[in-house]
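Before any comments, here is the structure.
Rule-based calculations on the coordinates, nothing more; no lab input. Keep in mind it's a predicted model, so treat the numbers as computed, not measured. Positions of Cβ are generated from backbone atoms using ideal geometry, with glycine treated the same way; all protein chains shown enter the neighbour counts.
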Amino acid sequence: MAVAGLTQCGTTTGDDGTTPTPGVTKAELLAGTSSKSWVMTSSKINGKEVFNQSLVCTRDDNTVYRVDKSYEINEGETKCRTQDPQIYEKGTWAFSADETELIINNEQRFKVVELTNTTLRLSIKTLFGETIDRTFKKN
């Protein structure tokens, strides 16, 4: 579920979506003051929306970023199979030095297109030349 990214800087805006929030870092926007949960609302491949093609039981999955630079992806309220573990992925996150990329497990690099208190948009160019754009909302 992790997404690799590109290199250009996205925007970091304030709660109103227009101006930066003074004194709030990108890390705080992503992980809050302890942890912050995000749920995907859109997934596009080469501009075509594909989110509604995913299994309904995966659409409420949460990605939780913590201030200690760890993350987890969990099943949310609904599991596809009851025997599946609640947490199905764990790892680490960091920003690139210029904070234009979100780096997952020291290898996957996501372009940060937008990061506000309530919206996270990431982009990746795959090895096959496809561009995947994913949008998350604060959960």
Residue separation between THR118 and VAL39 times 0.36 nm, minus their alpha-carbon distance, gives in nm 27.4 nm
For the stretch 45-139 the chymotrypsin sites (Phe, Trp or Tyr not before Pro) that pass both the DSSP coil test and the at-most-13 other-Cβ-within-10 Å test are PHE128
One quarter of the C-alpha convex hull surface, i.e. the mean projected area of the stretch 32-139 in nm², amounts to 7.4 nm²
Lys and Arg at +1, Asp and Glu at -1: neighbours of THR78 with Cβ under 10 Å from its Cβ sum to -2
Scoring only Lys, Arg, Asp and Glu (+1, +1, -1, -1) among other residues with Cβ under 14 Å from the Cβ of CYS57 yields -2
